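Working notes, beginning with the structure itself.
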Protein chains: 2
Amino acid sequence: MSIMEPDLHKLNITDPFLGQYQRLVRDVVIPYQWEAINDRIPEADPSHAIANFRIAAGREEGDFYGMVFQDSDVAKWLEAVAWSLCQKPDPELEKTADEVIDLIAAAQCDDGYLNTYFTVKAPEARWTNLAECHELYCAGHMIEAGVAYFQGTGKRRLLEVVCKLADHIDHVFGRGENQLRGYPGHPEIELALMRLYDVTQEPRYMALAQYFIEERGRQPHFYDIEYEKRGKTSYWHNYGPAWMVKDKAYSQAHQPLSEQQTATGHAVRFVYLMTGVAHLARLSQDESKRQDCLRLWRNMAQRQLYITGGIGAQSSGEAFSSDYDLPNDTVYAESCASIGLMMFARRMLEMEADSQYADVMERALYNTVLGGMALDGKHFFYVNPLEVHPKSLPFNHIYDHVKPVRQRWFGCACCPPNIARILTSLGHYLYTVRPDTLFINLYVGNSATIPTSNGELQLRISGNYPWQEQIQIDIVSPTPVSHTLALRLPDWCGSPTVLLNGEKVSGESKRGYLYLTRRWQEGDSLTLTLPMPVRRVYGNPYVRQQAGKVAIQRGPLVYCLEEADNGAALHNLQLPAQSAFRTFEGKGLFAHKILIQTEGYQNAASSAQPQPLWQYDSAPVVRQPKTLTFIPWFCWANRGEGEMRIWVDEA
Amino acid sequence: MSIMEPDLHKLNITDPFLGQYQRLVRDVVIPYQWEAINDRIPEADPSHAIANFRIAAGREEGDFYGMVFQDSDVAKWLEAVAWSLCQKPDPELEKTADEVIDLIAAAQCDDGYLNTYFTVKAPEARWTNLAECHELYCAGHMIEAGVAYFQGTGKRRLLEVVCKLADHIDHVFGRGENQLRGYPGHPEIELALMRLYDVTQEPRYMALAQYFIEERGRQPHFYDIEYEKRGKTSYWHNYGPAWMVKDKAYSQAHQPLSEQQTATGHAVRFVYLMTGVAHLARLSQDESKRQDCLRLWRNMAQRQLYITGGIGAQSSGEAFSSDYDLPNDTVYAESCASIGLMMFARRMLEMEADSQYADVMERALYNTVLGGMALDGKHFFYVNPLEVHPKSLPFNHIYDHVKPVRQRWFGCACCPPNIARILTSLGHYLYTVRPDTLFINLYVGNSATIPTSNGELQLRISGNYPWQEQIQIDIVSPTPVSHTLALRLPDWCGSPTVLLNGEKVSGESKRGYLYLTRRWQEGDSLTLTLPMPVRRVYGNPYVRQQAGKVAIQRGPLVYCLEEADNGAALHNLQLPAQSAFRTFEGKGLFAHKILIQTEGYQNAASSAQPQPLWQYDSAPVVRQPKTLTFIPWFCWANRGEGEMRIWVDEA
């Protein structure tokens, strides 16, 4: 049952659409973020992340500045660089990264400890506040960077640093005498240790991940114990002192995982934790943890998932709400949460050959994740609403977290570097590589060399997904390979067809994949056609915020109305049940993108003067014909501030 | 232009509907609240309000407990008692009240200062924190109580106490040397001083009100000056230190009133302030202040008023949002704000003979104000949502302020005693008494003796408003009186008719009133018929939260759907555009109340299993016929916890 991770040196993304995003990350985002973490972008919030390492390394005088988890921005940047170097060597960038790694190594303490906040500001307070202070979270990101940099460049320097760090953590934490029985407030170390195990095969790392997962939520509660021990001090104050200690569900630490029934608390923490759990469940063949994953995925995906692949319905605690409570305008739907959702989905796919995980992964990728970044690669959303009315935002505090346009950089800058690392490591999500079967999860154009139990299979996927219906899969292996290809049949597609060398084939279809077994040889060609009519998606009757409304989807893309095309007061637009859609290619900003138009209605006041509210009108509003223009939601807010909405009233 | 206030001894409310509320207040609410402010209700939050006075008076040892404005609960209770004694003498209750007044007098300092919080807790800190500490607010409520108790009982004791208090305040505040140039954070003293002026004709009281109003919002800002002076200490911390000092719009102190263009900040503060301003504008014949009132009323009533007569769209700051931003589920719409709205409307009616003010007053009274109290008189809403989904409330923090059922008493108990005093003083709102014209604003059954320039006019209004369409106005004066009666033609009524002694009359109709001038004599009888078909009120196209929705109104009452009658998932119910309504009298809890039924639809999932969200359904939902039952909104949540909604999707 061993799953192989594709080597990103041998997986070249050629996709016209996502390839451009990868180039954007390489050419714009990574250099921009380098400037940002070095505080050279005047309009952006200061970062100080690199300076913190210099100070911790003793190379500079000064004080720590930034969030307690500021180090993780550097780690995520390094990870993005590592994956980017797989796609395209860049000696200068690699040299810069090597220098950052030197700096990190210099900032590491002799015992392996590595965290600039505590090293600079409060060395005596190490490991005294796991609930609030993100030490293990930062360690996890550094471990991920170390693994990625080794995989991307073959260089072991950072891998050694993070192994030393992991060894230190393994020494400090556990159930032994003189060990701390702690675990992180913000999960991340678990998934990172599993990746480190994948690379090093060191069983202590997997055991440590298992310890952190299994210790979680036990009584007496570690967060309370450490809180007492440190004299009830608290780092975060925004919702009252020690709220993170008290609200244990926020960190999914209110009960052991095996007892949890619903996705709850901070959405990013939840998916990060579950990514590690799924990885561990598979490698340790732990059926009980597998059931935890299945159960919690089910709750999240069936009852708490937005059509955009967003999760986390509320701003308070950046958290899930409850089943079917999915407000469109006050939603949080953090970009990082959808990135974590892709990670969780990837690990579920490695455990279960079921396309539902790929369906959700695709939904998250093509909608919220792409939408988290502006088309210029320099502006980012942290929060991804499904409906925005900019005029109301400054006045009603329920919208305090919502921005109508993407921002340059954030004081809490978790999302931008996270988008960069997911887009550069996309290759990890396209396939699930089992010894006997190659699962194709996403139809992203690429050339890949994939290991199989019968030798290497070389293939090329091309097309223009998600705009065009046809996907070409060409086998280019010089020698024939007997193998099974499993093609995902997307949930959004009613009538997929597959041709093999021009002939219709019908393999076995199971849990959303079409299985084709054959001695594949050079020249074999599969043509997958996924018809992409414009679809009306009807609001789920369990979700009151979607009642009576429809959304527009084409392929995996969710569409929306924007003020720039449709004027203000989008809430007055109605989509008739029978109206036909026209698709056409956009221009300028929307070049190479498919836009949609249809004939609808606009409700308007019966008189030019607004009807005063004290006379709540008893005359029906006037309905006028109106052409509605829908754009792919991921590229909203690229034309300045304006209204936007996904769910539209049906006429 | 002198307006007379009806003497409530000569205005006997006989209304079958509101009369019962008055009895409820007299028999249940006032005794219950007396127990509450004496801490004798075990299930309720402690009050300590009476104990604070005993401690301040030196009659008991102990510490102050409660809100900084706890005194006002006693004052509001006394005011309710005073008006109640006008309706029905009650020697025992009067004796209790007299004892409370003795206690209050004993708690007053020699110099006239009266406030138990500062007297007990921080005598040196008197008048050092007007922005946050409600001293002038409490003084205002005590002044109102003094005026009411004098008017209600003829007893001068409390009036003398509050005159001494007002004199002290007049001595402390003003533009003279050695005077503080302050004004309150929470307006109330202004309207109270105007009432005190009405009773005493002491011009200093009106001048002091004028000073407080005109000083407001000037630069350099008094809140900043006192904040600096007291060493930047702050009483309220919930949104960060000194947020009340910083967010000056919260208290309508960000700019002088003459510059304010919109209703903004804390809704109760706004309407309390404007009540005083309108009263002053009329008595001082100040055209500029009249324009301020007209302008700010217009903004509030035309753009920020809920169909329920609620104001204050957001919980944060219990405040207005902005034009046309009226969420139904996260709304605040505090009961006190609608009470203040009635007070503001009353003063506007005294300034302007325009029925729009009475229309809003009626909307507030019959919907939010009545809805603020349970039918048992013992449970109260502070927040009055237009839509509630109880299952979501505990999980999504945007609903933290919303309760699905009325509560016994509140730690911050402003609303319950405010409801008691408005319901007992209803007589002040029925008429505007001008020397030449008697304006009938509300069709509440009553017998009244009204002063006119030609002697006393005695009349009796009967009917069964708001349930029945016919209202009878009988003249019962023993001697004829030449006078004009002005009958309000409600905005909700399309075709009112008036018969005089059985004959159709057509007087002049102006700004919403029908003027009938005549030598009125005993036996004259007016029959006003206000047809009350069930009305569909269409959402205002400017309000996105009402788009595509309709509400049901009959007469002045707004109706709603409740889960108890219609099952759960009210968002799936639809009201067809053409469906006919049946009205019928309810039973039990709804005896003597008109309920409404109609045939509508219920949307349901196409399968019994909920469609998972990750497969956002592309099949339209199934629509089934369903009888919809609407109840008057003011009596929702009297049958336990359940869903409720006013705005319903139109099919």
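Taking a point 7 Å out from the Cα of residue B:246 in the direction of its Cβ, the residues of the range B:213-235 whose backbone N falls within less than 13 Å of it are B:234. Expressed as a fraction of 2.2 N^0.38 Å, the C-alpha radius of gyration for chain A is 0.97.
Note on the protein assembly as shown: helix-only mean residue ellipticity at 222 nm, from DSSP H runs of 4+ residues weighted -39500 (n - 2.57) and normalised by residue number, equals -10000 deg cm²/dmol. Here each label is just a point 7 Å from Cα along the line to Cβ, and for residue B:453 and residue A:449 those points are 10.6 nm apart.
Summarise the accessible area of chain A (1.4 Å probe, protein heavy atoms) by the percent that is carbon and sulfur.
Values: 10450 of 21660 Å².
It is 48 percent, rounded to a whole number.
Using protein chains only and a probe of 1.4 angstrom, how many square angstrom of residue B:233 are accessible, to the nearest 10? Per-residue accessible area (residue B:233): approximately 70 Å².
The amide H of residue B:314, built 1.01 Å from its N in the peptide plane, has B:319, B:321, B:332, B:333 as neighbours under 5 Å, considering only residues 5 or more places off or on other chains. The range A:1-77 and the range A:164-241 have Cα centres lying 25 Å from one another. Over all projection directions, the Cα-based convex hull of the range A:535-650 averages an area of 8.7 nm².
Residue B:236 exposes around 50 Å² of accessible area when a 1.4 Å probe is run over every protein chain in place. Distance to the A-onto-B rotation axis is smallest for one chain A Cβ; residue and value in angstrom are A:398, 3.
3J(HN,Hα) along the range B:529-541, derived from phi through the Karplus expression 6.51 cos²θ - 1.76 cosθ + 1.60 where θ = phi - 60°, amounts to 10, 10, x, 10, x, 5, 10, 8, 9, 8, x, 5, x Hz, with x in place of Gly and Pro.
Rounded to the nearest 0.05, the FRET efficiency derived from the C-beta distance between residue B:599 and residue B:622 at R0 = 25 Å is 0.90.
Pairs of Cα atoms nearer than 8 Å and 6+ residues apart set the relative contact order; for chain A it is 12 percent.
Sorting B:210-219, A:520-529, B:44-53 by average packing, meaning the other beta carbons within 10 Å per residue, from highest down gives B:44-53, B:210-219, A:520-529.
Pull out the extension gain between residue B:5 and residue B:479, defined as 0.36 nm times the separation in residues minus the alpha carbon to alpha carbon distance; nm, one decimal.
The span from residue B:5 to residue B:479 would gain 168.4 nm if fully extended.
Site pair residue A:405 and residue B:122 shows an inter-label distance of 4.4 nm when each label is modelled 7 Å from Cα along Cα→Cβ.
In the range B:535-650, Cα pairs under 8 Å separated by at least six residues give a relative contact order of 36 percent.
Projecting 7 Å from Cα along the Cα-to-Cβ direction, the label point of residue B:509 sits 6.7 nm from its equivalents in the other copies, listed shortest first. Summarising the strand pairing of chain B, around 90 percent of its internal DSSP beta bridges are antiparallel.
Each other copy places its own label point for residue A:154 at 10.8 nm from this one, sorted shortest first, where the point lies 7 Å along the Cα-to-beta carbon line.
What is the dipole size for chain A, taken about its Cα centre, with +1 at each Lys and Arg Cβ and -1 at each Asp and Glu Cβ, in debye to the nearest 20?
Details: 62 positive and 76 negative charges, 248 e Å.
In total the dipole reaches around 1200 debye.
Solvent exposure of chain B amounts to 33 Å² per residue of accessible area, where only protein heavy atoms count and the probe is 1.4 Å. Remark on the range B:548-573: accessible area falls by at least 50 square angstrom from chain-alone to full-complex state for B:571, probe 1.4 angstrom. Checking the cross-link pairs B:549/B:626; B:10/B:155; A:391/B:248; A:232/B:229 against a 28 Å limit on the alpha carbon distance flags A:232/B:229 as lying beyond it. Mean projection of the Cα convex hull over all viewing directions, computed for the protein assembly as shown: 52.0 nm². Label positions at residue A:105 and residue A:27, each projected 7 Å from the Cα along the C-beta direction, are separated by 3.4 nm. Treating each Cα of the range B:434-529 as one equal point scatterer and applying the Debye formula with no solvent, the log10 of I(q)/I(0) at q = 0.21 Å⁻¹ comes out as -1.10.
Remark: label point of residue B:92 defined 7 Å out from Cα along the Cα-Cβ vector; separations to the same position in other copies 9.3 nm, ascending.
Based on the alpha-carbon gyration tensor of the range B:113-198, what equivalent-ellipsoid semi-axes (square roots of 5 times the eigenvalues) come out, in whole Å, largest first?
Details: eigenvalues 99, 41, 27 Å².
Each semi-axis is the square root of five times an eigenvalue, giving 22, 14, 12 Å.
The values are calculated or read from the model by the stated rules, or taken from the named source; none is laboratory data. A quick note: this is a predicted structure, and the numbers were derived from the prediction, not measured. Methodologically, a virtual Cβ is constructed for each residue, glycine included, from the backbone with ideal geometry; neighbour enumeration extends over all protein chains shown. Accessible surface is based on the protein model in full, side chains and every heavy atom, while ligands, DNA and RNA are left aside. Shrake-Rupley method; radii C 1.70, N 1.55, O 1.52, S 1.80 Å.
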